[in-house]
1. Sorted from largest down, what three extents in whole angstroms do the Cα atoms of region 121-201 have along their principal axes?
2. Quick one: grab the alpha carbon gyration tensor of region 61-466, order the square roots of its eigenvalues as a ≥ b ≥ c, and give me rounded if a/c is under 1.5, else prolate or oblate depending on whether a/b is larger than b/c.
3. I want the antiparallel fraction of DSSP beta bridges within region 61-466, as a percent rounded to 5.
4. Find out how many positive minus negative residues lie around SER391, taking Lys and Arg as positive, Asp and Glu as negative, among other residues whose Cβ is under 12 Å from that of SER391.
5. Which net charge results when you count Lys and Arg as +1 and Asp and Glu as -1 among the other residues whose beta-carbon is under 10 Å from that of PHE165?
6. Show which aspartates and glutamates lie in cross-link reach of LYS368 when reach means a straight Cα distance below 12 angstrom and same-chain residues fewer than eight apart are skipped.
7. Could you calculate the contour length gain from ALA197 to ASP367, that is, 0.36 nm times the residue separation minus the distance between their Cα atoms, to one decimal place in nm?
8. Report the net charge of residues surrounding GLY334, where surrounding means a beta-carbon distance below 12 angstrom and charges are Lys +1, Arg +1, Asp -1, Glu -1.
Amino acid sequence: MKNLWLRRRVASGLLLLGLLLPLLAACGGAVDTATSSTVAGASSSASTPAATSATAASASAVASPSTAPSASAATTDTTAAPPAVTATASEAASAAANASAGATETPAQGANPNLPTTLEYGAVAQLYYTDADRVVTLAGIAGFDWVRQQVPWKDTALPDGTFGFQELDKVVESVAKQNKKLLLSVVKSPEWATGRAGDNGLPRDNADYGRFVEEIARRYKGKVHAIEVWNEQNLAFENGGRVVPEDAGRYVELLKEAYGRIKAVDPTIVVVAGALSSSGENNPERAVDDITYYKAMYTYNNGEIKNYMDAQGFHPASTLNPPDALYPEAPGPGCELPNKPWCEDRTHYFRHIEDVRQVMVDTGVADKQIWITEMGWATENTTPGYEYGNSISFDQQAEHLEGALYRILSQYDYVGVAFIWNLNFAVTWGQSGDPLHEQASFGLLNPDWSPRPAFTRIQGFINARRQGSQ
């Protein structure tokens, strides 16, 4: 028995060493454990320093928005891109990629090879104007199957009908050459498509958007595996500055146009209905609560949406609460604080996914998967509206993410892919001088590219599942 125990310990040590060596190579050095385990401060509010965008003149570096922090829609536009930077190339990137080759699990496939039949894992990344190869290498080392990149239509499609795909070409190629699946979230109309200065909401003519996603499907056929149509369209700033429940029908019409165009080019591309912000607020100038909006989407025109989507996106706004908490049966820690912040509204909890799934069951769309296209926990930051992150340490963030993945795996068999928000935004924000921006606080990497505890915990979780021990 002693010899058996010793052999298991040696095997576990070798497995851990095998995981860490390529990680250290890609990150550029040893892990700074003192920095990674620092407990966030307790400040309750702070002003947001101006974010600097060092983009090229032809396009801006855009990343996906963060999950809404509370039942009230965020007052600041969280879709603002992290600053674009040029990261120092990792000398060991190619070696790390070779070391992690073959890490992606190949699940049993259904009729559509891009629709998973077992849970797959992804990371939201910022690949524009940075060392995309290095970022994708790190995604592979962590064990992610998918990468999600947001694509701003306004920066890519021109009024004369031409497209500026130069930077997106680089993004797609970086993901493709490392054999990862790619989800593109296509958002933000150009002003000429909405007819109003400063309005990047839904277009006046859905055919304009349809032509754009059709060209993406054609240009990157075989390299783009899923397209998410819009993002958090129940928020006013994602809908041209005002939103009401009736806008759900307008969104379904956009989804129909996009679905038909995409499938005509490549039927294997998974079309994901845009995730809503998990919000409990009803105010035309800010948001429609997500349950009301989901119901309006699913019942519009006799429920025809089921014919124009392969999966439903979902963004949990987990705030201060651990993944197993849910009000009122298992209230989170905010319920023990004065004024009970982030306590009584179920949209403040990761398990709000259960409420959304029930709406899908009740309205006849339960045959569709849910794809969690953003999930995460904020840590220390200086962005108003995300103060709860100042009570979450990096170690707690790691525990919450691992717990959420275990909960999905064990209880939510309707989830196809879970994307962690986010992989590398702390790198770009850190290099711009704002390492405590809320987007950076969700990241799996530190500003110096070293891994936070969440990176290694997720890496271990995914690897253990593939070894058959989860």
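Please treat every number below as a calculation from the coordinates, not as lab data. Small disclaimer: the values here were computed from a predicted structure and weren't measured. Reconstructed Cβ throughout: ideal geometry from the backbone, glycine too, with neighbour counts over all protein chains shown.
1. For region 121-201, the Cα spread along each principal axis is 44, 21, 18 Å.
2. Details: a/c = 1.26, a/b = 1.03, b/c = 1.23.
It comes out rounded by the Cα gyration axes.
3. On the way: 6 of 38 bridges.
Of those bridges, close to 15 percent are antiparallel.
4. On the way: positive: none; negative: GLU336, GLU380, GLU387.
Surrounding charge for SER391 is -3.
5. Values: positive: LYS170, ARG219; negative: GLU167, ASP169, GLU215.
Surrounding charge for PHE165 is -1.
6. Within reach: ASP310, ASP413.
7. Value of the extension gain: 57.2 nm.
8. On the way: positive: LYS340; negative: GLU336, GLU344, ASP345, GLU387.
Surrounding charge for GLY334 is -3.
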